[in-house]
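J.: Please see the structure below; I have some questions.
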Amino acid sequence: MKSQTTKNPPLSSATLQILLALAGGNLHGYGIIKEVARNSDGHYRLGPGTLYDNLKKLMDAGLVSDVPPPVSSKRKSASTKEDDRRFYVLTKDGKGALAAEVDRLQTVVSQARSRLREARAGNA
Amino acid sequence: MISTISSSAYRLLLRLHPVSFQDEFGAEMLWIFDEECEQGRVVPLLLDGAISLLRQRFRTQNDPGQLSIASGTVITGPGMDPVRLLQGGVTFSLIFFSLIQLLSHPNLLTVSVRWSDRVPCYTISLQAPSHAEVVLDTTP
């Protein structure tokens with residue numbers, strides 16, 4: 001357990017949201033921002049600075065890698081700017097880090113539920 | 001007009017980022033900024049860009065890489081002197097928050113351009129809350 005914690009330290013909320021967005025499929029930067037907003041019902045909106053700062057860290061850590069845009073996307077997009085956009089993909093290590101974070105959050109939720117139950121029992 | 005000023009401010013912020021970061025993500029960040037600006041999220045995006053700049057700068061402090069500044073000059077060395085970094089930070093913050101103040105009160109600043117003998121003449125009018133007005137006219 002301890003070694004797993006050292007290997008996969010808790011993720012920041014921005015990092016978690018980015019990895020969650022990419023778990024649904026390869027996305028370009030603006031796609032990630034829109035996916036994160038959609039997943040959080042518009043409550044959490046990443047700025048480009050925060051997004052690329054985190055993406056750089058994730059790419060350096062080997063959790064995310066970039067790929068050229070798919071051919072179908074190139075055909076659909078009319079502007080050159082859109083053609084140049086890179087897509088980001090979750091690597092095997094990235095999937096592992098996301099799974100570890102979800103397990104950690106699950107433990108937190110279980111502990112919180114147990115504490116709340118104890119508190120309610122104490123009040124009764 | 002406001003979108004032009006905010007876009008220029010964002011470009012300036014991007015140019016203050018480390019060169020490697022600019023090369024890798026600058027174009028995509030600018031593209032997203034333009035898209036998001038259409039939804040009226042200028043101030044949060046500028047703040048986000050400023051925070052990103054600070055993060056990148058503090059991260060590159062220990063790197064022997066290059067530091068580019070707005071004029072395009074490249075300074076090489078083991079990182080920026082902390083005193084210079086502090087001075088630069090204070091100056092930048094003053095300019096940045098003044099700009100945000102102006103952007104959030106569009107009536108305070110008006111800029112008009114007219115052409116005189118193919119030379120652009122700018123009239124910049126800054127109106128103080130007490131209705132005093134400062135006008136800078138570049139007409140020859």
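Computed from the coordinates by the stated procedures, all read-outs in this text should not be read as laboratory data. The structure presented is a predicted model; accordingly, all values stated were derived computationally and were not measured. Neighbour counts are summed over all protein chains in view; Cβ atoms, including those assigned to glycine, are modelled from backbone coordinates with ideal geometry.
J.: When Cβ neighbours within 10 Å are restricted to other protein chains, what is their mean count per residue of peptide A:37-49?
T.: If you average over the peptide's residues, the count of other-chain Cβ atoms is 4.
J.: If packing is taken as the average number of other Cβ atoms within 10 Å across a peptide's residues, how do B:14-23, A:112-121, A:39-48 rank, most packed first?
T.: B:14-23, A:39-48, A:112-121
J.: Across peptide B:25-31, how many C-beta atoms of other chains are within 10 Å of each residue C-beta, on average?
T.: Whole-number average of other-chain Cβ neighbours for B:25-31 is 6.
J.: What residues have an amide H closer than 5 Å to that of A:F87, excluding those fewer than 5 places away on the same chain, when H is modeled at 1.01 Å from N in the peptide plane?
T.: Correct list: A:V67.
J.: Testing the spin-label approximation: label points 7 Å from Cα along Cα→Cβ at B:F92 and A:V108. State their distance in nm.
T.: Placing both labels 7 Å beyond Cα along the Cβ direction yields 3.1 nm.
J.: What's the FRET efficiency of A:D66 with A:K95 using the Cβ-Cβ distance as r and R₀ = 25 Å, to the nearest 0.05?
T.: According to the calculation, E is roughly 0.95.
J.: Other chains near B:36-45: what is the mean number of their Cβ atoms within 10 Å of each residue's Cβ?
T.: Mean inter-chain Cβ contacts per residue within 10 Å come to 1.
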